[in-house]
Amino acid sequence: MADGRGSQEYPRGSSARAAAPPSVQLDTNSGMYSPEIIQHLLDQAAFFNVFAIPDPQHSHTVIYAPGNANGVIGVRVSEVLHRFEMDMQPPSCESGVRATNTVGQSVGKLDLRWMVIPHEFIARPDREPPPTMLDPAHSQRFAMQEGTFTFGDGQDGFRSFGAGRTFPMMVGGRPKLVAAAVGNIVEGFGKFRDHEGNFTLCGDLAPDEGFLGHIVVRIVDPNGNLRTQAELPPLVERPDPTPQTTFLTWVGQKGKGPDQENRFSFAPDGQPRGLNIPTELKRVQVRFTTQGSGGIRSSELTIGEVIGSEVGFGPLPPAGVPLTGTALTPFPFEGVARYSLYDGDRRTVGAITTNVLEGRRFDMKLAGAPEEPTFRFGFFGPIVSGSGYFRGVEGIFYGASGSVLRLPPGAHVVTHFYVARLSDPGGKFRATVSGAMS
Amino acid sequence: MKSEGISQQLQAGRDVRGTSAPSPSLPDVNAETYPYEMVQYLLDQTANFHMFAIPDAKYAENATLTPDDPRDWYGLNGGYGLDIRSVLHRFDSIVQLATIDMGPRVAQAVGESTGTFHCRWLLSPNDFNWAPGRYPPPTLFDPWHHQSFVMLDCDFTFGNGKDAFRGYGIGRTFPVTVNGRPKLLAGAVGNIMEGSGKFRGLQGTYVLTGTITSGLGFLGNITCRVVDPQGKLRTEREIPSLTAISDPDPEDTFMVLRGVKKDSTVRTTYGPPPGGGKVSLITPAQMRSVQYNFTDRGPEGLRSEKRVGQIVISNYSATVFFDLLAPPGTADTPVPFTTHELYPFINDGGRDVGTITVDIVEGVSFGLSFPAAPGQPAVRFAGFGPILGGTGPFTGIQGMLTVNSLIGIAPHALSLIHVLHIIDPDKRFRAALNGSLR
């Protein structure tokens, strides 16, 4: 997907882009380091796939509009966080695209205050949104005004802020309000102290029940205090809380060869309108634990064989738009991408097209190569169509990533951690046997 | 005429004897430049194609917005636009008189294929106006959000392809929820820019209302109206009834109505000015059931016929908002308009059964002249908008209205084609197909 350097989300209903020519701040230097070194440095990150389940010990607090006992404007939820593992099997024309989803033992807690916000509202941690009524029949934006993650005995964790959207969907003949959001660590404590990172969540939101879904947390970890190469205690499986939903995951990284180079897309008037960005898709596994004396720690990303390809486009921002992405004002971006998965003989098994409606990019210094234009970011959006094994699929696509990006012909190095959350009442995408990689 | 406003045309007209102007500064739209009956006759010299579009399922996987450069992924179908290809079918939707209990019913059937509709819909900012040949800035498709789009390179092809036209238009998406399930409606209006075969040299307008399917196709009604003074596309001979196929859209009901004034004594009046230099015209009309039949089979080739029911279905009234002083609309610069419409449906005793209210939110009008009546001001105009609500059997109704009409100005004769697209999952407004209006 387009990762935000040359991409920009614009206010709906504005023709600002029409009026202003694209601003291409050409930074096409090839850089001081080889792509392999940059890739290694980028991948100094810890990943935590957690599954949030409403805490039965804590009642959720619905927040009503002032003077309106029926007008829900937000909800304060308490969640129990669990280990979560998604293991894709290699795609095949015979068995399709499948993954095991396993929710394990509790590992922590999450306290969140969600507030519905107007569509054009620019959410910030220092700005309380105006009262806005929840309408489950329509897609709305929301802010996660306060979010505190704690792990293990509560010593390790972080406070966060984020924003996202609801998506009314029908799953198994029942209406669901799916929520997806990107959050940023505001302040870490314990093992998370002085770390920067972000997370993306996606799941079902019900004001009277809470949030039920997956959160991928990506923490920049140059010193490795949140990672281990040691074997982790096994996950202790608990009953599946969302049997009608299946999560697939893979990573996107740049391959070699000219077909993996980014290119400008040109409008009919000859002006560059955006970037065409290809990547290779690979199987991935990552685990974490909070057990033992080492406290919370994740495994390294275990990246497997190539299982597909990504082609994507992201528009360039217009002139005058600040390109920086900070914790207070992340750079918004959007884009379209098609993910084609194939079998060992490169026969396409299925493909999905996804639109990233909300991406949030944060600039960062890459330890070991601080002069490289480096970003961490999160994103989400709907799957707008599927073909092959994915024909008729519905769901949300999201992820968390890190990249170094220079505009063409400069280099692009990236690791996208992608997740496709699919409505799957029939279990079409569920595997019963883990596709664990050795 | 192109440089003159309608009021200027009126002042230049003959036999200005009307009395309905509310102030000396506004022209009398009821004045008879030519006799009312003559103008009504001229307005009705149109060929009308009431069609049903069914997505071409085989096309979707090869669809692209950038056919000249498939490696430009801006063109990924479903991202920044939709590459639509539908098969056009004959379509009957004959309205039956309302009863107190059930409201009007529609005998609806989709018939044999007669052609194809291919078009690129590019999403656009909401303030991107009618501009043939101009590309909107990249705007991402968001199925949960109201969006505008332009219809580029619209190709309508009939029969063996000899009779065809290319058009340009604009449209909007309308997300709605039906029994908890999201559904994305689309409405659009277009103008014939260039015709071939029987369409060569003819002017015309088309409107669409339907559903964007999960496969990114368009499923719904297209009504095309071609000004045909020489009768190239019309016949008085009976066209064989359609051969119904399995209902491709059992959830939607389409009421096609023809509206004219009761007679020349019915006056159009000015309403309160809406501001912005516009005027409002309050226009009453009688709505009747109508059958627009057409075929491409047989030695006569493509031809249409019209049969109008005798019984009034609704005593309708519209308030039209537009700039009376604007120069007559052209293919490049049509005159925009909006309306507020009220349909009080009646039963065979003339009693009110229930109402539907609609706002046309996007309308365009084009200047129209008649060789047989020089100096007679007239316009063809078309547009679409969402159903706002209803009473009686229409309580809770959702859907869309398209209008595709011709009117004279001084006298203010009407020749209206309206299609009320009603989301009707329980088929409350469906009747069994029982013949025709013959």
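Can A:T148 be described as more than 14 Å from chain B (Cβ to nearest Cβ), of a type in the set (S, T, N, Q) and touching a residue at least 40 places away in the same chain (Cβ under 8 Å)?
Numbers: more than 14 Å from chain B (Cβ to nearest Cβ): yes; of a type in the set (S, T, N, Q): yes; touching a residue at least 40 places away in the same chain (Cβ under 8 Å): no.
No; evaluated as a whole, the condition is false for this residue.
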- prompt: Can you tell me which residue in segment A:218-269 is nearest to A:R360 (Cα to Cα), limited to those that are among the acidic types (D, E) and in contact with a strand residue (DSSP E or B) (Cβ under 6 Å, 6 or more places away or on another chain)?
  reply: A:D221
statement: Scanning segment A:363-383 for residues that are surrounded by fewer than 24 Cβ atoms within 10 Å (Cβ to Cβ) and within 11 Å of chain B (Cβ to nearest Cβ) gives A:I383
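Tell me which residues, restricted to segment A:328-343, are part of a loop (DSSP other than H, G, I, E, B) and at pLDDT 95 or above. Talk me through it step by step, then tell me what you get.
Step one: list which residues in segment A:328-343 are part of a loop (DSSP other than H, G, I, E, B), which gives A:328-330, A:343.
Of everything in segment A:328-343, those that are part of a loop (DSSP other than H, G, I, E, B) and at pLDDT 95 or above turn out to be A:P330, A:D343.
Based on what the data block shows, is A:T354 modelled with pLDDT of 95 or more and either more than 14 Å from chain B (Cβ to nearest Cβ) or over 13 Å from A:A420 (Cβ atoms) (or both)?
Working: modelled with pLDDT of 95 or more: yes; either more than 14 Å from chain B (Cβ to nearest Cβ) or over 13 Å from A:A420 (Cβ atoms) (or both): no.
Spelling it out, it is not the case that A:T354 is modelled with pLDDT of 95 or more and either more than 14 Å from chain B (Cβ to nearest Cβ) or over 13 Å from A:A420 (Cβ atoms) (or both).
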message: Considering only segment A:323-342, I want to know if a residue exists there that is polar (S, T, N, Q) and closer than 23 Å to A:F48 by Cα.
response: yes
task: Within segment A:387-405, identify whether any single residue is surrounded by fewer than 22 Cβ atoms within 10 Å (Cβ to Cβ) and of a type in the set (K, R), and answer yes or no.
output: yes
- request: Can you tell me which residue within segment B:99-144, out of those that are more than 23 Å from the chain's Cα centre (by Cα) and charged (D, E, K, R), is nearest to the other protein chains (Cβ to nearest Cβ)?
  value: B:D142
- request: Can you confirm whether segment B:227-249 contains a residue that is touching a helix residue (DSSP H, G or I) at 6+ places or on another chain (Cβ under 6 Å) and either of a type outside the set (A, V, I, L, M) or within 14 Å of another protein chain (Cβ to nearest Cβ) (or both)?
  value: yes
- request: Select from segment A:318-327 the residues that are of a type outside the set (V, I, T), touching a Phe, Trp or Tyr at 6+ places or on another chain (Cβ under 9 Å) and modelled with pLDDT of 85 or more and list them in ascending order.
  value: A:P322, A:L323, A:G325, A:A327
- prompt: Within the bounds of segment B:89-111, is there any residue that is outside any helix (DSSP H, G or I), at pLDDT 95 or above, farther than 28 Å from B:D247 by Cα and of a type in the set (S, T, N, Q)?
  reply: no
task: Restricting attention to strands (runs of 3 or more DSSP E) lying wholly within segment A:254-323, give those where 2 or more residues are more than 10 Å from chain B (Cβ to nearest Cβ), in contact (Cβ under 8 Å) with a residue 24 or more places away in the chain and over 30 Å from A:T150 (Cα atoms).
output: A:272-285, A:302-315
query: What number goes with the only condition from (1) assigned to a loop (DSSP other than H, G, I, E, B); (2) more than 14 Å from chain B (Cβ to nearest Cβ) that A:P136 does not pass?
result: (2)
query: When segment A:75-90 is examined, which residues are found to be in contact (Cβ under 8 Å) with a residue 60 or more places away in the chain and either within 21 Å of A:C202 (Cβ to Cβ) or hydroxyl-bearing (S, T, Y) (or both)?
result: A:V75, A:V77, A:S78, A:E79, A:L81, A:H82, A:R83, A:F84, A:E85, A:M86, A:D87, A:M88
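Suppose we filter A:L248, A:L235 for residues that are more than 14 Å from chain B (Cβ to nearest Cβ), part of a loop (DSSP other than H, G, I, E, B) and closer than 24 Å to A:L201 by Cα; which single one remains?
Numbers: A:L248 fails: part of a loop (DSSP other than H, G, I, E, B).
Only one candidate qualifies: A:L235.
Identify the residue in segment A:384-404 that is of a type in the set (G, A, S) and in contact with a Lys or Arg (Cβ under 6 Å, 6 or more places away or on another chain) and, among all such residues, is farthest from the other protein chains (Cβ to nearest Cβ). Write out each step before concluding.
As a first pass, look at segment A:384-404 and keep what is of a type in the set (G, A, S): A:385-388, A:392, A:395, A:399-403.
From what's left, in contact with a Lys or Arg (Cβ under 6 Å, 6 or more places away or on another chain): A:395, A:400, A:402.
Values: A:G395: 12, A:A400: 20, A:G402: 22 Å.
Result: A:G402.
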message: So, in segment A:105-133, exactly how many residues are surrounded by fewer than 17 Cβ atoms within 10 Å (Cβ to Cβ) and outside any strand (DSSP E or B)?
response: 8
- prompt: Do we find a residue being among the hydroxyl-bearing types (S, T, Y), surrounded by 19 or more Cβ atoms within 10 Å (Cβ to Cβ) and closer than 28 Å to B:V95 by Cβ anywhere in segment B:164-187?
  reply: yes
- line: Taking segment B:264-292 and keeping only residues that are without any contact (Cβ under 8 Å) to a residue 12 or more places away in the chain and on the phi < 0 side of the Ramachandran plot, one is left with B:T265, B:P272, B:P273
- prompt: Inside segment B:379-438, can you point out the residues that are under 22 Å from the mean Cα position of the chain (by Cα), under 19 Å from B:F49 (Cα atoms) and either assigned to a loop (DSSP other than H, G, I, E, B) or among the aromatic types (F, W, Y) (or both)?
  reply: B:F381, B:F384, B:S436, B:L437
- request: Consider only pairs whose beta carbons are under 6 Å apart and that are at least six residues apart or on different chains; among these, list those whose first residue lies in segment A:356-377 and is outside any strand (DSSP E or B) and whose second residue is polar (S, T, N, Q).
  value: A:L366/A:T374
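Condition check ((1) outside any strand (DSSP E or B); (2) aliphatic (A, V, I, L, M); (3) over 19 Å from B:T223 (Cβ atoms)) across all residues:
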| position | (1), (2), (3) |
| --- | --- |
| B:D263 | yes, no, yes |
| B:T283 | no, no, yes |
| B:Q291 | no, no, no |
| B:P299 | yes, no, yes |
| B:V308 | no, yes, no |
| B:I311 | no, yes, yes |
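The values are calculated or read from the model by the stated rules, or taken from the named source; none is laboratory data. Keep in mind that what you see is a predicted model, and the values were worked out from it rather than measured. Positions of Cβ are backbone-derived with ideal geometry, glycine not excepted, and every protein chain shown enters the neighbour counts.
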